[in-house]
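Chemist: Right, I'll just put the structure down here and ask away after.
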Amino acid sequence: MEKRTKIIIIGIACLLGATWFLWVPITLMTASGWFSSFVTAITSDEEYVKKASQNPTVRQYIESYPEYTTNQHNEFLGWRVIHFDVEKGPSMYVKVSNLHGGIKVSATCPNSQGISFSQNATLAQQIVTDGC
């Protein structure tokens with residue numbers, strides 16, 4: 001085999017190996033998106049609220065503000081966002097994962113600017129407990 005042919009074969013093998021590391025994560029993200037969309041389609045909103053209420057902060061919010069309303073939407077990679085709201089009091093945003101079952105909680109007061117799910121869980125607990 002000629003030296004030039006060997007170099008071309010090695011180059012093609014390296015190129016295929018490099019694209020493997022690119023396409024595998026994209027394929028996995030696409031598959032997880034399809035799976036979470038399927039789970040969301042067959043799961044009712046009440047089941048998401050029930051799952052979220054297993055979190056102590058969410059449970060306390062539901063007990064403290066029984067007149068709450070919810071609004072739900074889907075987010076990237078299988079997260080279901082539930083917005084708990086009351087007319088006078090704090091709002092709570094809960095993210096429930098379809099893929100690994102994780103729950104993230106964020107609470108805000110009506111006058112605050114936006115939400116952040118990276119907030120400390122004790123801060124959300126304090127807002128729910130003390131109110132705004």
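The values are calculated or read from the model by the stated rules, or taken from the named source; none is laboratory data. For clarity, every value in this text was computed on a predicted model and none was experimentally measured. Reconstructed Cβ throughout: ideal geometry from the backbone, glycine too, with neighbour counts over all protein chains shown.
Chemist: Pick out the one residue from Gly33, Gly89, Gly101 that is in a loop (DSSP other than H, G, I, E, B), more than 21 Å from Val128 (Cβ to Cβ) and either under 19 Å from the mean Cα position of the chain (by Cα) or at pLDDT below 90 (or both). Working first, answer last.
Modeler: Working: Gly33 fails: in a loop (DSSP other than H, G, I, E, B); Gly89 fails: more than 21 Å from Val128 (Cβ to Cβ).
Selected residue: Gly101, the only one of Gly33, Gly89, Gly101 that is in a loop (DSSP other than H, G, I, E, B), more than 21 Å from Val128 (Cβ to Cβ) and either under 19 Å from the mean Cα position of the chain (by Cα) or at pLDDT below 90 (or both).
Chemist: Related question: Would you check if Gln72 is within 15 Å of Ala124 (Cβ to Cβ) and surrounded by 13 or more Cβ atoms within 10 Å (Cβ to Cβ)? Outline the logic, then answer.
Modeler: Numbers: within 15 Å of Ala124 (Cβ to Cβ): no; surrounded by 13 or more Cβ atoms within 10 Å (Cβ to Cβ): yes.
No.
Chemist: In addition: Can you confirm whether the range 61-74 contains a residue that is of a type in the set (Asp, Glu) and at pLDDT below 85? Please lay out each step first, then the result.
Modeler: Kept after step one, since they are of a type in the set (Asp, Glu), are these residues of the range 61-74: 63, 67.
Subsequent filtering for residues that are at pLDDT below 85 retains none.
Checked against the condition, which is being of a type in the set (Asp, Glu) and at pLDDT below 85, the range 61-74 yields no hits at all.
Chemist: Within the range 44-86, which residues are of a type in the set (Val, Ile, Thr), within 17 Å of the chain's Cα centre (by Cα) and under 16 Å from Gly102 (Cα atoms)? Walk me through it before giving the result.
Modeler: Restricting attention to the range 44-86, the residues satisfying the condition of being of a type in the set (Val, Ile, Thr) are 49, 57-58, 62, 69-70, 81-82, 86.
Among the residues that remain, those that are also within 17 Å of the chain's Cα centre (by Cα) are: 49, 58, 70, 81-82.
Correct list: Val49, Val58, Val81, Ile82.
Chemist: Shifting gears a bit: When you check Thr108 against the structure, is it modelled with pLDDT of 75 or more, surrounded by fewer than 17 Cβ atoms within 10 Å (Cβ to Cβ) and not assigned by TED's automatic domain parsing to the domain that holds Gly33, yes or no?
Modeler: Numbers: modelled with pLDDT of 75 or more: yes; surrounded by fewer than 17 Cβ atoms within 10 Å (Cβ to Cβ): no; not assigned by TED's automatic domain parsing to the domain that holds Gly33: yes.
No: the conditions fail for Thr108.
Chemist: If you don't mind, another one. Kindly establish whether Ser53 is outside the structural domain of Val94 (by TED's automatic domain parsing) and closer than 30 Å to Pro90 by Cα. Full working, then the answer.
Modeler: Values: outside the structural domain of Val94 (by TED's automatic domain parsing): no; closer than 30 Å to Pro90 by Cα: yes.
No.
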